[in-house]
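What follows is calculated from the coordinates using simple rules that are stated; it is not laboratory data. Worth saying up front: this structure is predicted, and the values here are computed from it rather than measured. Using ideal geometry, Cβ is built from the backbone for each residue, glycine included, and neighbour counts are taken over all protein chains shown.
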């Protein structure tokens, strides 16, 4: 049997195909289903692009560019008289269209995600306090070899360390009313089915298939949020964009917003730009992964971009990652900045580049009246049985 677009359709897209057949046109089907103009049209374009990526694009591969692709290298063979005898075309995915398709797919999938139910808040918390749990450059999905980078790293090790580190920090932190899970970017090691960085296309060492890594990422994020809800009356989540997970950070934020939309105690920080801020009384907290602007320019940027919050606060703290090592608080005009280290070990690139840094995550508590008041850290060594026995 000949293939058709229906063979590549999602259940929702198949419903749209049925409606178009029943009503004679996309616009008539949209009116019948009560949909906005071009809802079905855009869904069909995404379907055509998805089918083309899997090798089904009748009429396009033989003449023109497949939907969702751009024309790349074209090789021409000419005869003795200069006439064209044959051509070879190389088409590659249009990255801007790929992002649009990913966002559209997220919107379709969100309708089927089961929402977390509201939970009971802790009985006792300190209303003036906020504790920020900072995790950056975790590179979930990275594979590292101890003989090269100093420690082994795979999905199982990463999931276990993240869980135990977060539980340690939550247990050590004060009973602040607000808990802010600050995931500062590069939570994922790579950003799609191919194990390459999204912009420079550098090949990375992968610890699994992207689908497998996504499942672990979702499980970890839910575990962090649910555990924080047992300690704090209110939980704020930041899933910042990093240079390794530009697209993945989008679905992480959308997923978390959908998962917890019925839980009034959870808020997800969202922004169309990779700059984020949160106000806690007289304290301002600013966040950027560190890949977009130099640290020396970030204070001025946040003063301009978040001028209302800047003017309403007295204590301002900026947080970035990206470089995998710690730069202890550096005071810029109007704001103190901390560059946070990572819990992840060196991968092949870092090890061969001679980079050395202490692996660490932290929890910092802020007052809504006096700024930073308390901090604790965790390292992988602190979670070993030998360390606990010695302590």
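Here the spin labels are modelled as points 7 Å beyond Cα on the Cα-Cβ line, and at residue 201 and residue 81 they lie 3.8 nm apart. Within the listed set 187, 166, 306, the residue fluctuating most in the Gaussian network model of the chain (springs between alpha-carbon atoms under 10 angstrom) is 306. Using R₀ = 45 Å, calculate the FRET efficiency as 1/(1 + (r/R₀)^6) where r is the Cβ-Cβ separation of residue 15 and residue 160; round to 0.05. Efficiency at R0 = 45 Å is approximately 0.60.
When the Gaussian network model of the chain links Cα atoms closer than 10 Å, the mean-square fluctuations of 209, 189, 340 top out at 209.
Placing a label point 7 Å from the Cα of residue 31 along the Cα-to-Cβ direction, no residue of segment 1-22 has a backbone N closer than 11 Å. Where only DSSP H runs of four or more residues are counted, the chain gives -10500 deg cm²/dmol as its mean residue ellipticity at 222 nm, each run worth -39500 (n - 2.57). For segment 123-390, what proportion of DSSP beta bridges, expressed in % and rounded to the nearest 5, is antiparallel? Of the beta bridges lying entirely in segment 123-390, close to 50 percent run antiparallel. Distance between the modelled labels on residue 172 and residue 385, one decimal in nanometres: 2.2 nm (7 Å Cα→Cβ projection).
Between the Cα long axis of helix 155-172 and the first principal axis of the chain there is an angle of about 30°, rounded to the nearest 10. Need one word for segment 325-391: rounded, prolate or oblate. Basis is the Cα gyration tensor (sqrt eigenvalues a ≥ b ≥ c); a/c below 1.5 gives rounded, then a/b vs b/c decides. Oblate shape, in that a/c is at least 1.5 and b/c is the bigger or equal ratio.
Could you give the distance between the Cα centres of segment 189-258 and segment 273-313, to the whole Å? Comparing the Cα centres of segment 189-258 and segment 273-313, I get a distance of 23 Å. Where a ≥ b ≥ c are the square roots of the eigenvalues of the C-alpha gyration tensor, would you call segment 222-281 rounded, which needs a/c under 1.5, or, failing that, prolate if a/b is larger than b/c, or oblate? It is prolate, given that a/c is not under 1.5 and a/b is the larger ratio.
Ranked by the mean number of other Cβ atoms within 10 Å of their residues, highest first, the peptides 243-253, 29-39 come out as 243-253, 29-39. Springs between Cα atoms under 10 Å define the GNM used for the chain, and in it the highest mean-square fluctuation of 241, 147, 254 occurs at 147. Residues 165, 299, 307 in ascending order of nearby Cβ atoms (within 10 Å, fewest first): 307, 299, 165. Computed extension length for residue 22-residue 327: 103.5 nm, one decimal, from 0.36 nm per residue of separation with the Cα-Cα distance subtracted.
Each residue, residue 218 and residue 193, gets one label point 7 Å from its Cα in the Cβ direction; the gap between the two is 1.8 nm. With respect to the chain, whose longest principal axis is taken over its alpha-carbon atoms, helix 11-23 is tilted by about 40°. Quick check on the chain: take the gyration tensor over C-alpha atoms, sort the square-rooted eigenvalues as a ≥ b ≥ c, and tell me if it's rounded (a/c under 1.5), prolate or oblate. Here the chain falls in the prolate category.
Does a label point 7 Å from the Cα of residue 119, set along Cα-to-beta-carbon, have any residues of segment 152-177 with amide nitrogen under 14 Å, and which are they? Under cut-off, by backbone N: 167, 170-171.
Going 7 Å from the Cα of residue 301 along its beta-carbon direction, which residues of segment 261-294 have the amide nitrogen within less than 20 Å of the resulting point? The answer is 269-279, 284-294, whose backbone nitrogens lie closer than 20 Å to the label point.
Exposure proxy for 221, 238: other Cβ atoms within 10 Å of each Cβ, ordered fewest to most, give 221, 238. Ordering 83, 167 from the fewest to the most neighbouring beta carbons within 10 Å gives 83, 167.
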